[in-house]
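S.K.: Next up is a structure, given as structure tokens.
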Amino acid sequence: MGTPPISWAEVAPGSVLMGSDDRSILFGGIGPRHEVSIGYRYKISMEPLEPNDAEDILNSQVAEIASESEWELAYSMGLISGGDGNSVEALADLSENYWGKACDGRPIAKKGSRNGIIRVWKSGKPTPSMMPIEKIQSSENSIKFRLVVRELTEWPNSPLLLPKRRDNSRIFREEAIISIFFGIIPSFAWAFFNASPTYISEGWLNLLFGGIFFGLFTGIFWRPRQPTWYVESGEMVRRP
């Protein structure tokens with residue numbers, strides 16, 4: 001049995017915002033939020049392909065697995081769907097975050113990464129997620145693949161890049177301020193109005209660490225929005 005015919009969508013050059021600016025544990029996603037500018041035309045399969053069908057085409061070197069950036073641009077234009085509405089499709093990107101990513105459409109593949117970026121379709125709606133590479137490659141999983149054919153001979157040598165790592169000093173300042181105002185100060189205020197007169201002087205260390213713990217605990221549900229990186233005048237610019 002031959003490979004079934006594939007419906008391709010033509011995608012014009014364009015830009016798309018992707019990633020999450022929320023770093024809370026419960027609601028946050030893969031970050032940082034950033035703009036990708038794709039300057040080439042490409043064709044993308046309108047629906048994800050079954051592994052055997054995708055493998056036949058990949059072996060012929062006619063197409064490649066789509067990058068997440070190419071997927072996002074095509075999806076933002078309403079050109080692709082999840083097929084049967086409930087499936088998981090793997091993309092070419094191998095990473096746990098976007099730091100150091102080239103923002104020209106190519107996939108990110110960090111050395112030593114154990115996870116691949118995927119899309120989980122449920123009731124016709126996609127959700128970004130990650131999956132261990134060995135699970136993606138396992139024949140026991142019915143992971144589908146999205147393919148592209150690019151009008152591009154090779155990737156540019158000097159693409160626009162996101163910084164290699166996040167601003168840890170900014171994160172530390174945020175965590176310190178949150179712990180002070182949402183944890184430590186309320187903890188001492190409660191003790192001042194409700195505990196015995198000597199409780200603060202005798203139990204200040206417990207109040208301090210309790211406040212710090214509560215401040216960090218709020219990170220499960222909320223954290224300030226993080227800056228977004230935009231392509232402007234040939235460079236990546238960070239804006240609040």
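We did not get these values from a lab; they are worked out from the coordinates using the rules stated. Computed from a predicted model, the values in this text were never measured in an experiment. Here Cβ is always computed from backbone atoms with ideal geometry, including for glycine, and neighbour counts include all displayed protein chains.
S.K.: Give, as a single signed number, the net charge of other residues whose beta carbon lies under 9 Å from the beta carbon of GLU151, with Lys and Arg counted +1 and Asp and Glu -1.
M.R.: +3
S.K.: Also: Of LEU160, LEU49, LEU17, how do they rank once you tally other Cβ atoms within 10 Å and put the fewest first?
M.R.: Listing LEU160, LEU49, LEU17 from fewest to most nearby Cβ atoms yields LEU17, LEU160, LEU49.
S.K.: Quick one: compute the contact order of the stretch 168-220, relative version, from alpha carbon pairs under 8 angstrom and 6+ residues apart, as a percent.
M.R.: Worked out over the stretch 168-220, it gives 51 percent.
S.K.: So between LYS111 and ASN168, what do we pick up on full extension, going 0.36 nm a residue minus the alpha carbon distance?
M.R.: 18.4 nm
S.K.: Taking every DSSP beta bridge with both residues inside the stretch 68-150, roughly what % is antiparallel (nearest 5)?
M.R.: Close to 80 percent.
S.K.: How many angstrom lie between the C-alpha centres of the stretch 79-110 and the stretch 180-227?
M.R.: Result: 41 Å between the Cα centres.
S.K.: Using the 10 angstrom Cβ neighbour count as an exposure proxy, how do THR198, THR228 rank, fewest first?
M.R.: Ordered from fewest to most neighbouring Cβ atoms within 10 Å, THR198, THR228 come out as THR198, THR228.
S.K.: Let me spell out the model: positive unit charges on the Cβ of Lys and Arg, negative unit charges on the Cβ of Asp and Glu, origin at the Cα centre of the chain. What dipole size does that give, in debye rounded to 20?
M.R.: 780
S.K.: As a quick test, which of the pairs LYS125/LYS164; LYS111/LYS135; LYS43/LYS110; LYS101/LYS125 have an alpha carbon distance above 28 angstrom in this structure?
M.R.: LYS125/LYS164
S.K.: What nm value, rounded to one decimal, do you get for the distance between GLU154 and LEU58 when each label is placed 7 Å out toward the C-beta?
M.R.: Rounded to a tenth, the inter-label distance reads 2.4 nm.
S.K.: Using the beta-carbon distance between ASN206 and LYS125 and R0 = 45 Å, what value does 1/(1 + (r/R0)^6) give for FRET efficiency, to the nearest 0.05?
M.R.: 0.45
S.K.: Estimate the FRET efficiency between ALA12 and TRP190 by the formula 1/(1 + (r/R0)^6), using the beta-carbon distance for r and 41 Å for R0, to the nearest 0.05.
M.R.: 0.10
S.K.: Can you give the three extents of the C-alpha atoms in the chain along their principal axes, from longest to shortest, in whole Å?
M.R.: Over the chain, Cα extents along the principal axes are 83, 44, 32 Å.
S.K.: Continuing with this model, one more query. Given Cα pairs under 8 Å that are at least 6 residues apart, what percent is the relative contact order of the chain?
M.R.: 23
S.K.: Once you order the gyration tensor axes a ≥ b ≥ c over the Cα atoms, which shape class does the stretch 8-150 get: rounded for a/c under 1.5, otherwise prolate or oblate by comparing a/b with b/c?
M.R.: In terms of gyration-tensor shape, rounded.
S.K.: Also, I was wondering about something else. Would you list which lysines come within 16 Å of LYS122, measuring only between C-alpha atoms, while excluding same-chain residues fewer than 8 positions from it?
M.R.: By straight Cα distance, LYS122 reaches LYS144.
S.K.: Provide the percentage of antiparallel DSSP beta bridges, counting only those with both residues in the chain; round to the nearest 5.
M.R.: 90
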